[in-house]
Amino acid sequence: MRIPRIFVDIELTENTLITLPDASFQHVCKVLRLKNGHPMRLFNGKGGQYHGTLCDVEKRSANVAIGEFEPLNNESPIKVTLGQTLSRGERMDYAIQKAVESGVYEIQPLFSERCEVKLDDSRAEKRQNHWQQVAISAAEQCGRGVVPTIHPPVKLTEWIANCNEMLKLTLHHYSAKPITEFKKPDNNAVALLIGPEGGLTEDEVKNSKNQGFSAISLGPRVLRTETAPIVALTAINLLWGDI
């Protein structure tokens, strides 16, 4: 029997009864068509998950009887903040989804000089909400108990000027310095900057260097902007994390 794993943005406590939020109800009862008595796992992004049982299914609502709390130990010890330059279409969704599956700590969408995506404040807020839902779905799928925060988009120059991570890296295919030459930061905090499809400009690379970022290479092949975070996060976790 497939046991669905559902994110709910509410407080969860052992041996209580909750009413599923509307979106969760639609997914569980209308899409998955689950019935009374079906086992579930619920989590609210604060770590761990709860075992539960679907009950009191009605036409427009359903409850879950919350049972035992299960701690999870699958968060990467390396807290990577990903500065991901915006890309068109589904590429940004893909980058966020795979970054969450790869253990990213949080994601900062960025506008850069060669970024082709233009968003006013209203559209930026809608996209942020959409990307956060992508992160939630990815966390549901990969079994994480924590959902990475997707921050509102900002200019690249603003973000790099305010990064406080101990180790700050810029992925740049012209760099000859591999990531293996760097040591794990003492506080496990890493900032990772990834440019758009056309790459970062020379001024952006120079500016990031002036702000303490080091240019790194992930090999002789040029990676797409949506592929780069997967490779980079995998390399970081292989070197210093939990792979």
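The values are calculated or read from the model by the stated rules, or taken from the named source; none is laboratory data. What you see is a predicted model; the values in this text were computed from it and never measured. Here Cβ is always computed from backbone atoms with ideal geometry, including for glycine, and neighbour counts include all displayed protein chains.
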Quick check on segment 117-130. Is at least one of its residues surrounded by 14 or more Cβ atoms within 10 Å (Cβ to Cβ), at pLDDT 95 or above, of a type in the set (Gly, Ala, Ser) and out of contact with any Leu (no Cβ under 6 Å at 6 or more places or on another chain)?
no
Filter segment 49-82 for residues that are touching a residue at least 40 places away in the same chain (Cβ under 8 Å) and acidic (Asp, Glu); the one that is farthest from Ile194 (Cα to Cα) is Glu68
Which condition number does Arg2 fail, the rest of (1) within 30 Å of Gly241 (Cβ to Cβ); (2) exposed (fewer than 11 other Cβ atoms within 10 Å of the Cβ); (3) in contact with a strand residue (DSSP E or B) (Cβ under 8 Å, 6 or more places away or on another chain) being met?
(3)
Verdict on Arg33 being outside any helix (DSSP H, G or I), of a type in the set (Lys, Arg) and closer than 30 Å to Glu116 by Cα
no
For segment 68-102, what are the residues that are buried (at least 18 other Cβ atoms within 10 Å of the Cβ) and in a loop (DSSP other than H, G, I, E, B)?
Ser76, Ile78, Leu86, Ser87, Ser102
Among the residues listed as Lys184, Lys155, the single one being modelled with pLDDT of 95 or more and touching a strand residue (DSSP E or B) at 6+ places or on another chain (Cβ under 7 Å):
Lys155
Can you find, within segment 191-213, the residue that is surrounded by the most Cβ atoms within 10 Å (Cβ to Cβ) among those that are modelled with pLDDT of 95 or more and touching a Lys or Arg at 6+ places or on another chain (Cβ under 7 Å)?
Ala191
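Given the condition free of Cβ contacts under 8 Å to residues at least 24 places away in the same chain, assigned by TED's automatic domain parsing to the domain that holds Ala138 and within 16 Å of the chain's Cα centre (by Cα), answer yes or no: does some residue in segment 182-191 qualify?
no
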Please indicate, with yes or no, whether at least one residue in segment 83-90 is of a type in the set (Asp, Glu) and modelled with pLDDT under 95.
yes
Of (1) surrounded by 19 or more Cβ atoms within 10 Å (Cβ to Cβ); (2) outside any strand (DSSP E or B), Arg114 satisfies all except one. Which?
(1)
Lone qualifier among Gln133, Gln108 - being closer than 29 Å to Asp22 by Cα, at pLDDT 95 or above and in contact with a strand residue (DSSP E or B) (Cβ under 8 Å, 6 or more places away or on another chain):
Gln108
Out of the residues in segment 146-169 that are in a loop (DSSP other than H, G, I, E, B) and under 12 Å from the mean Cα position of the chain (by Cα), which is farthest from Asn210 (Cα to Cα)?
Val147
